[in-house]
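First up is the structure itself, then whatever we jot down about it.
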Amino acid sequence: MKKIKVVTLFLLLDFFLLTGCVAQSTETEIILPPKREFRAVWIATVDNIDWPSSKNLVPEAQRQEFSNLLDFHKRVGMNAVFVQVRAAGDAFYAKSPEPWSEWLTGRQGRRPEPFWDPMEFMIKEAHQRGLEFHAWLNLNRLVHKSSTSVSTDNISYTHPEWILNYDGYKLFDFGIPEVRDFITQITVNVAKNYNVDGIHFDDYFYPYIVPGQVVQDEASFRKYGRGFTNKADWRRNNIDLLVKQIHDALEEVNPRLKFGISPCGVWRNKGTDQEGSKTYGALASYDDLYADSRKWIKEGWVDYIAPQVYFSSGFGRVPYKNLVDWWTDNSYGRHIYVGMGAYRVGYKEKDTNWANPKEIPNQIRYLRGNETDGAIFFSSRSLKNNSLGFVDSLRQDLFHYPALVPTMPWKDNIPPLSPKSLKATLLTNALELFWEKPDPAQDGDGASYYVIYRFEPDEKATAYDPRRIIGMCYEGERFVDKTVRPGQRYVYYITSVDRLHNESRPIGPLRVEVQEQKLVRF
């Protein structure tokens, strides 16, 4: 595992969290939990996989389920959720030109009664818990094979000329420019109308191969494929055009909004392309789905890639470690979030490695040592089921300490200013810290939340050790430390963190001794 350098800082205040530049310092090398790590989970709505548990629930029950789900994932240690808000030509939000989802209301096109906007509610609930909210949109489906109702407002009815029929699905024909424009408009609409932290697409571009099925896009190729000698290159170009078009449109609407995609784990196999991964005979996004996933990150069209590395470490043709290594080597300065196959834990039929309760924990240890930026788990239901107890390993060990979301300096590299006027007062069996908001930083950003650090009096204060984070405050300028004990001395620092997780210099140290009836500064 990679060793993390920790600079032991003497308490010289302002440089404490920005650079570690102090007048005197010593360096030691120890292994610490990561201070920054993306920890997220996919919450799938299609066919009621994760939420809501039934399409016949009343809105109040749906809201309670979602809040409980967030509470669970927060306890596990997550700091982001990816919620599927467009599952199949439908919407889980009010401000959409597409019809309401049947997996929300029981019939596609039926509005919730009593009326509410699920996405507004979900974003608010996520942010109150310090969870990023990424709107996950499926971009190729209009009718799912498990759909039991299709609204007359569904695009498959209003624009049948845009549609491909394949394996029981109705899918977009990406070769048609108006289709790409429509998908872009749907995406931008979410960015304009909702306070999301990111826009996310899954791995569905051209469909996964089904024996005996043919994608019937010959007419589109004849009409729009001028300059291409083969259909495969044309299809890949269609997806490239779409990804870049969406990137450019989102950049114009909100340059700080994160945009990422979770493609099939294998870009190309080494047997096909020497630049491919050390995988053999696996389905590849470039060759089989016409999705040149490496190009998107190389060109900077996405802020992160979350390859679906749903393979065990011992799977011969597609070993987990080989794929993680390859994506790390092909990150091009963007973030790599490893897609984790949590749903496979406990299954023994095809790959007995998933019967090992240590498989997922060991995968996390490997990705940490390989300089990736974090992981996303598929899916919420699998974490709730806790097969073989792997979630206990996350909660009690690997995710036991909090982690800030990694920064994206190409979007925002200006930290907020420090909080002001840090004070403390003694409560019954607790200590209350309170402070004032910082002034706006150079870029106009204030504090989105605060990080509270606590040290022992004789301890060297360091910014790099998340074990010293005793809490994060997401609402207001007040924090109650309920773990203080009479007769003990404590040293506190507090930092501001902006929307893109840049962290300020601290205010502090605030040194206090807890006595029976009062606090004493020392």
Among all residue pairs at least 6 apart or on different chains, which show Cβ distances below 8 Å where the first residue, located in region 347-361, is touching a residue at least 24 places away in the same chain (Cβ under 8 Å) and under 13 Å from SER313 (Cα atoms) and the second is acidic (Asp, Glu) and open to solvent by less than 40 Å² (accessible area, probe 1.4 Å)?
ASN353/GLU359
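I need the helices (runs of 4 or more DSSP H) fully contained in region 349-447, keeping only those with at least 2 residues that are under 24 Å from ARG334 (Cβ atoms). I'd like the intermediate steps shown before the answer.
Values: elements: 359-369, 380-385, 390-393.
It comes to 359-369.
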If we keep just the residues of region 448-484 that are open to solvent by 40 Å² or more (accessible area, probe 1.4 Å), within 22 Å of PHE399 (Cα to Cα) and not in a strand (DSSP E or B), which is modelled with the lowest pLDDT?
TYR464
Output for region 36-57, where each listed residue is within 18 Å of the chain's Cα centre (by Cα), open to solvent by 10 Å² or more (accessible area, probe 1.4 Å) and farther than 16 Å from LEU131 by Cα:
ASP50
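So that you can scan it fast, the table gives a plain yes or no per residue for (1) out of contact with any helix residue (DSSP H, G or I) (no Cβ under 7 Å at 6 or more places or on another chain); (2) farther than 22 Å from VAL83 by Cβ; (3) open to solvent by 10 Å² or more (accessible area, probe 1.4 Å):
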position: GLN128; (1), (2), (3): yes, no, yes
position: GLU161; (1), (2), (3): yes, yes, yes
position: VAL179; (1), (2), (3): no, yes, no
position: GLN185; (1), (2), (3): yes, no, yes
position: GLN213; (1), (2), (3): yes, yes, yes
position: GLN216; (1), (2), (3): yes, yes, yes
Check region 110-118 and report whether any residue there is open to solvent by less than 10 Å² (accessible area, probe 1.4 Å), in a loop (DSSP other than H, G, I, E, B), closer than 22 Å to PRO52 by Cα and out of contact with any Gly (no Cβ under 8 Å at 6 or more places or on another chain).
yes
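Which residue out of VAL497, VAL491 is surrounded by fewer than 21 Cβ atoms within 10 Å (Cβ to Cβ) and in contact with an Asp or Glu (Cβ under 9 Å, 6 or more places away or on another chain)?
Details: VAL497 fails: surrounded by fewer than 21 Cβ atoms within 10 Å (Cβ to Cβ).
Just one listed residue meets the conditions, VAL491.
Could you please let me know if GLU60 is surrounded by 16 or more Cβ atoms within 10 Å (Cβ to Cβ), out of contact with any Ser or Thr (no Cβ under 8 Å at 6 or more places or on another chain) and either part of a loop (DSSP other than H, G, I, E, B) or without any contact (Cβ under 8 Å) to a residue 24 or more places away in the chain (or both)? So that I can check it myself, show each step before the final result.
Details: surrounded by 16 or more Cβ atoms within 10 Å (Cβ to Cβ): no; out of contact with any Ser or Thr (no Cβ under 8 Å at 6 or more places or on another chain): yes; either part of a loop (DSSP other than H, G, I, E, B) or without any contact (Cβ under 8 Å) to a residue 24 or more places away in the chain (or both): yes.
When the stated conditions are applied, GLU60 does not pass them.
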In region 58-75, what count of residues is obtained for those that are within 21 Å of the chain's Cα centre (by Cα) and within 27 Å of LYS145 (Cβ to Cβ)?
3
Quick one: would you say ARG222 is closer than 29 Å to ILE376 by Cα and either in contact (Cβ under 8 Å) with a residue 40 or more places away in the chain or open to solvent by 20 Å² or more (accessible area, probe 1.4 Å) (or both)?
no
Take TRP296 and decide whether it is in contact (Cβ under 8 Å) with a residue 40 or more places away in the chain, in a helix (DSSP H, G or I) and over 19 Å from ILE360 (Cα atoms).
yes
Output for region 362-392, where each listed residue is open to solvent by 50 Å² or more (accessible area, probe 1.4 Å), within 17 Å of the chain's Cα centre (by Cα) and free of Cβ contacts under 8 Å to residues at least 40 places away in the same chain:
none
Flagged in region 260-279 as open to solvent by less than 10 Å² (accessible area, probe 1.4 Å), part of a loop (DSSP other than H, G, I, E, B) and in contact with an Asp or Glu (Cβ under 7 Å, 6 or more places away or on another chain), in numbering order, are SER262, PRO263
For region 338-348, give me the residue count where each residue is in contact with a Leu (Cβ under 8 Å, 6 or more places away or on another chain) and outside any helix (DSSP H, G or I).
3
Selected residue (only one of ARG226, ARG222, ARG256 is among the basic types (Lys, Arg) and not in a loop (DSSP other than H, G, I, E, B))
ARG222
Please go through (1) farther than 30 Å from GLU477 by Cβ; (2) open to solvent by 30 Å² or more (accessible area, probe 1.4 Å); (3) hydrophobic (A, V, I, L, M, F, W, C) for PHE121 and return the number of the only condition it doesn't satisfy.
(1)
Across region 438-447, what is the total count of residues that are in contact (Cβ under 8 Å) with a residue 12 or more places away in the chain and surrounded by fewer than 20 Cβ atoms within 10 Å (Cβ to Cβ)?
6
Which condition breaks for TYR206 when tested against (1) surrounded by 14 or more Cβ atoms within 10 Å (Cβ to Cβ); (2) over 30 Å from THR328 (Cα atoms)?
(2)
Output yes when any residue across region 273-283 is under 20 Å from the mean Cα position of the chain (by Cα) and of a type in the set (D, E, K, R), and no when none is.
no
From LEU142, LEU104, grab the single residue that is more than 16 Å from ASN195 (Cβ to Cβ) and either modelled with pLDDT under 95 or part of a strand (DSSP E or B) (or both).
LEU142
Select, from LYS192, LYS145, LYS170, the only residue that is surrounded by 14 or more Cβ atoms within 10 Å (Cβ to Cβ) and among the basic types (Lys, Arg).
LYS170
Which one of LEU241, LEU257, LEU289 is open to solvent by less than 20 Å² (accessible area, probe 1.4 Å), at negative phi and touching a helix residue (DSSP H, G or I) at 6+ places or on another chain (Cβ under 7 Å)?
LEU257
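The values are calculated or read from the model by the stated rules, or taken from the named source; none is laboratory data. Everything numeric in this text was worked out from a predicted model, so none of it was measured. Quick reminder, even Gly has a Cβ in these numbers, built from the backbone with ideal geometry, and neighbours come from all protein chains shown. Just the protein is used for accessible areas: all its heavy atoms, side chains included, with ligands, DNA and RNA removed. Shrake-Rupley method; radii C 1.70, N 1.55, O 1.52, S 1.80 Å.
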